[in-house]
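Reading through the structure tokens given below for one structure.
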Amino acid sequence: MAAADTNTPAISSHEARVNTQRVRRNWLLSLPAICLLLIGASGPLLIVLIYSFLEPGDYGGVTWKPTLDAWFKIFFRVDIFDETVHLADAHLSIFWRSVKLSLLTTLITFAFGFPTAYFIATRSKRQRAAWLFLITIPFWTNLLIRTFAIMEVIRNEGIVNTLAIKFGFIDTPIQMLYTEGAVLLGMAYVYLPLMVLPLYASIERFDFRLLEAGYDLYANRWQVFRRIVLPLVSPGIVAGSILVFVPSLGAYVTPRVLGGGRKMMIGNFIELQFGQGQNWPLGAALSMLLLIVVAVALLFYVRAISGERSHG
Amino acid sequence: MAEANRAAKKGKTFSVKTMPGFTTVAMICFIVLYAPIVTLVIYSFNAGNSIAFWEGFSIRWYFIALENTVVQEAALRSLIIATAAAAIASTVATMAAIATTRTRPFRGRTAIYLMINQPLMVPEIVTAVALLIFFASIKVATGYTGLGYLIIAHAAFCVPFAYLPIRARLESMDSTLEAAAADLYATPWQAFRRITLPLLAPGIIAGAMLAFVISLDDVIITEFVKSAGQDTLPTYMLGQLRRAITPEVNAISTALLVLTLVLLSVFFVLTRDRRANPD
Amino acid sequence: MAAQEPAIAIEANRVSKVFGSGQNEVRALDDVSVKIRQNEFFTLLGPSGCGKTTLLRMVAGFEAPTAGTILLDGEDITATPPNHRPINTVFQSYALFPHLTVAQNVAFGLEMLGKPRKEISDTVARMLAMVRMEQLANRTTAQISGGQQQRVALARALAPRPKVLLLDEPLSALDLKLRKEMQIELKRLQTETGITFIFVTHDQEEALTMSDRIAVMSAGRILQIGSPEDIYNRPSGRFVASFIGESNFFEGTVQGVKGDTAEIRMPSGHVIKARLGKGKPEGSVTFAVRPEHIRLEQFGIEGTIPAKVTRTVYFGTDTHCHLELDGGERLVARLQNTVGGNAAYDTGMRAGVRFDDGAAQVLID
């Protein structure tokens, strides 16, 4: 068993024994959680990694032959007739849509989320809790239900089209569902609380006396916002952006419900490989790719969080 | 300057915190956030078959949903899975929280943190795919196709949600209490059983509730892991969305919403910081 | 400019401020009028909650008066937002921007005013030199000490060359030694720059050592405005007399008035001479005597009031001698300690008390 880290050379044998016991106890207590997570979450990721280097089976599954084919196929396709290598346009357009929609989602949630978080943070202590609760309810509410709620509002027979026709703005319903716009709207809607909460945490810690200093030194509202508020709450902005960007990139339910089969994102494309596509290794490789991108984003997140701490 | 003129009203204090337009945008946000949900709830009481045309108030869709045996089974399944997952997750999370909180740093503590929070970091679709592959091979090997897979999967991704409130509660607890108990001749187990556990209970219940809500809401992992005929309420609803939608889905959604809301309210009461509410 | 009537920088004209309403109504300022001259070091002195900070924030533009006007150089600025007032503030918390360096903090106001880059860098360098911070120009504000932050806050507020500099208890966060240093430094800066300083403090010593004039405030009103000597030696009322320095208070009856001196009979029958403030008091009055203006002599000497020493407390530079007059009044006399100490008076001894000429001041309350 590993002894506790220590720089003190003259550690008494009794103290060392107590330390070892403590570490052993902590590990034992953590063991059930670790086992559960190894079986139900982390461990299987390793299998995905292995599968991404195998050949696809005929009807799903894999054949145990090592190959880089799946990784290659993510970006390229080989022409069946002349065997020339081309970029896999269909795949790339899905990636592009995923990244584009995720970035736009982040932007939209920021544009709406910042004023909202600022509004909450500048209320009285008592009011703040109530407004925050209003943000948290949708956050914990079933994502499918929220997506479904958006779907009902924007479908052809939905309330928006019905009202617009009733009041004579349009004659025929506007097709909003199953478009990229619908997916974007849905993701912005479901992930908005993920932007507001970290922004709020950051703004709430902001020392508003600095604004007085700004105005005292001739800054106008925009300059105070741009030069004092934004730089000082930037860790919260980074945190919120990543908290929205990461699940947007891996979104599955929202594009499936609001984009139909047509406006696929990476998540749906991965699922396709395990369903109709019958190409498990490609699906596995895509999953790993997504995981890598998310891991990089999370590294930025950790840095933003620690930046936040050093400011306080 | 326009700004100077605007502030020129006598007796009006220059508001340092105000940013123009922010309150308006915030109000729009709150309205947009709730309008679709409210619409959804309203149409669950529609007497007609449509979710667009209002044909009068009725609660018949709730009865239709209740009498639908598929819905009944899915609801029961959802509750079984959520209860089991919440119980397992909060138990292991409590143990892990005790091990990782209020103790001097030890080698591997960061690794345990990472492990516990891993479900929050990995995209759900990736975990879903991983579990699909893993459990598929176990299903083939053992022939067992029961709810166990779903319960394990749900329990696993519920662990971080159960862990957070328990840990928060532990951290806010006076660490000298156990020392005081030990000073009064309590064995470590007695100190835990008589002092730590009762004080920790609200945190554990809060954690279990959060886990329950999270499990109840899950779609993706359930969709990938479930065997044939193992629909939960959310996956049943997802399947329904492909067909013509009737207010039955609204009724089920509303019921789930209410359940979530009740659990969340209890959660907030349990975890409320009493210092923030002096009266 | 002819100098018979000093030019006025800031004028508060019948200013009131009410916070809250109904039962929670708090009257922070109650019909306050004050004229602050150009180039003077003016101090608002009073206990916390007396309204001094509210008045300062009104001049800065962060509070609007419920009634009354604020004038800068004779111009009504009551409705001018703070960023349009050529007035800068040194905040109690300093409010230095934590994401900017020392130099960037000092440059901020100049940048907002749209000054050319060259001018900004020159001014910043000059300001940092003035507060002796040039070496730390590129540090962040978290990397410097409290005293240094104080200097940066000063340089930042002075850099745009405001017409008036407001200082909101800027020394309260510093330790005693640093505070004394900064008192001298502030006075030097004020003289060097010639800018009107309005200084808010609850510390009477700070007020006395730095100010040209002091306004003593209590419960939303200004009780007395005057030079430090005026305030100390000729307090207008009991509050001023006890808030600034220490005082012994006595009751007596006016027997006669000659010029600005009154003869007052004390309960013990002794008659003393006391200076009058404004007005002609009659009947029973209160007068104050500073502990250091009391002399002790041997018991029974002609013209002294007989007293008994009840306690002596040694204070290093002086000894506080607690006495009880035969009339029953209690007082404290402060006796300068000499090389030999002050062993002459001990508990239980009899002594004769004599007030220095002009030591007694009739209070108007």
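So what is Rg over Rh here for the protein assembly as shown, counting just Cα atoms and using Kirkwood for Rh?
1.11
So if I place +1 on the C-beta of Lys and Arg and -1 on the C-beta of Asp and Glu, and nothing else carries charge, what would the dipole magnitude of the protein assembly as shown be about its Cα centre? I want it in debye, nearest 20.
The calculation lands at about 320 debye.
If you build a Gaussian network model of chain A, linking Cα atoms that sit under 10 Å apart, which residue out of A:Phe114, A:Phe139, A:Phe169 swings the most?
For chain A, modelled as a Gaussian network with Cα springs under 10 Å, the answer is A:Phe169.
Just to be sure I understand: if I project the alpha-carbon convex hull of chain A onto a plane and average over all orientations, what area do I get in nm²?
So the mean shadow area of the Cα hull is 27.5 nm².
Once the principal axes of the Cα atoms of segment A:234-312 are found, what is the range along each, listed largest first in whole angstroms?
Computed over the Cα atoms, the extents are 52, 27, 11 Å.
For chain A, set up a GNM with springs between Cα atoms under 10 Å and report which of A:Gly40, A:Gly57, A:Gly277 has the largest fluctuation.
Per the Cα network of chain A with a 10 Å cutoff, A:Gly40 tops the list.
If every alpha-carbon in chain B counts as one equal scatterer, what log10 I(q)/I(0) does Debye give at q = 0.10, 0.11 1/Å?
The computed values of log10 I(q)/I(0) come out as -0.74, -0.85.
Against the longest alpha carbon principal axis of chain C, how many degrees, from 0 to 90 and to the nearest 10, is the axis of helix C:102-112 turned?
70
Putting +1 on Lys and Arg Cβ atoms and -1 on Asp and Glu Cβ atoms, find which of A:Phe76, A:Ala130, C:Gly328 reaches farthest to the positive end of the dipole of the protein assembly as shown.
A:Phe76
Any idea which of B:Leu216, B:Gly148, B:Leu256 is furthest toward the positive side of the dipole for segment B:69-271, if Lys and Arg beta-carbons carry +1 and Asp and Glu beta-carbons -1?
B:Gly148
Quick one: grab Rg to one decimal and Dmax as a whole number for segment A:65-214, Cα atoms only, in Å.
Answer for segment A:65-214, Rg first and Dmax second: 22.4, 71 Å.
Would you calculate a helix-derived [θ] at 222 nm for chain B, using -39,500 (n - 2.57) for each DSSP H run of n ≥ 4 and dividing by the full residue count, to the nearest 500?
Working: 13 runs with 196 residues, N = 279.
Rounded to the nearest 500, the figure is -23000 deg cm²/dmol.
Specify the angular offset, from 0 to 90 degrees and rounded to the nearest 10, of the alpha carbon long axis of helix C:176-193 from the longest principal axis of the alpha carbons in chain C.
Helix C:176-193 sits roughly 60 degrees off the main axis of chain C.
Give me the one-decimal Kirkwood hydrodynamic radius in Å for chain C, with the sum taken over alpha-carbon pairs.
Computed over chain C, the radius equals 23.2 Å.
With helices defined as uninterrupted DSSP H runs, which ones in chain B have an alpha carbon span along their own long axis of at least 30 Å and mean Kyte-Doolittle hydropathy of at least 0.5?
Flagged H segments are B:22-43, B:69-100, B:148-172, B:247-271.
Please report the antiparallel percentage of the DSSP beta bridges confined to the protein assembly as shown, to the nearest 5.
So the antiparallel bridges amount to about 75 percent of the total.
Can you count the Lys pairs in chain A whose Cα atoms are under 29 Å apart, with each pair 8 or more apart or on different chains?
Working: A:Lys65/A:Lys73; A:Lys73/A:Lys100; A:Lys73/A:Lys263; A:Lys100/A:Lys263.
Step by step, the pairs that qualify in chain A add up to 4.
Consider just the alpha-carbon atoms of segment C:1-145 and return their Rg together with their Dmax, both in angstrom.
18.4, 55
Fewest to most neighbouring Cβ within 10 Å: what's the order for C:Asp203, B:Asp231?
Listing C:Asp203, B:Asp231 from fewest to most nearby Cβ atoms yields C:Asp203, B:Asp231.
With the dipole of segment C:4-116 worked out from charges on the C-beta (+1 for Lys and Arg, -1 for Asp and Glu) around the Cα centre, which of C:Leu44, C:Phe108, C:Ala12 lies farthest toward the positive end?
Farthest towards the positive pole: C:Phe108.
Just from its helices, what would the mean residue ellipticity at 222 nm be for chain C, if runs of 4 or more DSSP H residues each count -39500 (n - 2.57) and the sum is divided by every residue, rounded to the nearest 500 deg cm²/dmol?
-7000 deg cm²/dmol
Over chain C, with a Gaussian network built from C-alpha contacts below 10 Å, which listed residue (C:Arg139, C:Arg234, C:Arg221) shows the highest mean-square fluctuation?
C:Arg139
Excluding residues on the same chain fewer than 8 positions from C:Lys180, give the aspartates and glutamates whose Cα lies under 13 Å from its Cα.
Within reach: C:Asp203, C:Glu205, C:Glu206.
Using only the alpha-carbon atoms, how far is helix C:146-158 inclined from the longest principal axis of chain C? Give it as 0 to 90 degrees, nearest 10.
Value to nearest ten degrees: 70.
In deg cm²/dmol and to the nearest 500, what is the mean residue ellipticity at 222 nm of chain A if only DSSP H runs of at least 4 residues count, each as -39500 (n - 2.57), divided by the residue total?
Result for chain A, helices only: -22500 deg cm²/dmol.
Only Lys, Arg, Asp and Glu count, each charged at its Cβ (+1, +1, -1, -1), so figure out the dipole size of segment B:69-271 about its Cα centre, rounded to 20 debye.
Charge dipole of segment B:69-271: 400 debye, to the nearest 20.
Throughout, read-outs are computed from the coordinates displayed, never taken from laboratory work. Model, not experiment: these values are computed from the prediction. Quick reminder, even Gly has a Cβ in these numbers, built from the backbone with ideal geometry, and neighbours come from all protein chains shown.
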